[in-house]
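The values are calculated or read from the model by the stated rules, or taken from the named source; none is laboratory data. Model, not experiment: these values are computed from the prediction. Cβ atoms come from the backbone with ideal geometry, glycine included; neighbour counts cover every protein chain shown.
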Amino acid sequence: MIAANQREAETEDVAPATSRPRRMLNERQVLEVIPVGRTTLYRMEKSGRFPKSTYISPNRRVWFEDEIVAWQNAVDEFDPRRARGKGRRARAVAAVAGTPSTR
């Protein structure tokens, strides 16, 4: 009896009655929200630049909406050190400064 009451108290602390289930988004829903292609989405996830997905069955992959919203908020913050994509040229600083560039 005492052990049963302890288990009830532990579960109430972990999951309060007011908590809601986390909304899960499938690949199509994520791609509607995030303006990238499917391959880019998986590359970003693999490199750690996008939240990891979770398999809820062998063939069903989902992302949690709250993690994607947090990622969007982090991307919105301006970072002056953020570089351009891999394999792209850096912006010509010389052209901006008024000196001729060497092409």
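Of everything in segment 15-64 that is of a type in the set (A, V, I, L, M, F, W, C) and farther than 18 Å from Val75 by Cβ, the residue that is modelled with the lowest pLDDT is Ala15. Taking segment 34-49 as the range and being surrounded by 10 or more Cβ atoms within 10 Å (Cβ to Cβ) and among the small types (Gly, Ala, Ser) as the test, only Gly37 passes.
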